[in-house]
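Here's the structure we're looking at; comments come further down.
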Amino acid sequence: MEGLSYLITGAANGIGLEYTKMALRAGGRVVMTDINRDLGEARLSELQEKYGSQKSKVMFAVLNVTGVR
């Protein structure tokens, strides 16, 4: 997983958050996405404190995939 990039949906909580942590622990780069901006930004801050604040390491974007077909 080291050096790989990941786009994780639902990354602000639950299994999406756990996958995000797993990828970061393994040295990956992560784009976290979630419909909940406030929670996503809070989680981003927590993860940046723990895994490094470099924008290239982890970032967050609001994304709603519920209506995508």
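Which of the residues spanning segment 9-44 are among the hydrophobic types (A, V, I, L, M, F, W, C) and in contact with a helix residue (DSSP H, G or I) (Cβ under 8 Å, 6 or more places away or on another chain)? Even if it seems obvious, please write down each step before you answer.
As a first pass, look at segment 9-44 and keep what is among the hydrophobic types (A, V, I, L, M, F, W, C): 11-12, 15, 17, 22-24, 26, 30-32, 35, 39, 42, 44.
Matches in segment 9-44: Ala11, Ala12, Leu17, Leu24, Val30, Met32.
All but one of (1) over 18 Å from Val65 (Cβ atoms); (2) in contact with a strand residue (DSSP E or B) (Cβ under 9 Å, 6 or more places away or on another chain) hold for Gly16; state the number of the condition that does not hold.
Looking at each condition in turn, Gly16 falls short on (1).
Read the figures in this text as sums done on the coordinates, not as results from a lab. None of these values were measured; they are calculated from a predicted model. All Cβ positions, glycine included, derive from the backbone under ideal geometry; neighbour counts span all protein chains shown.
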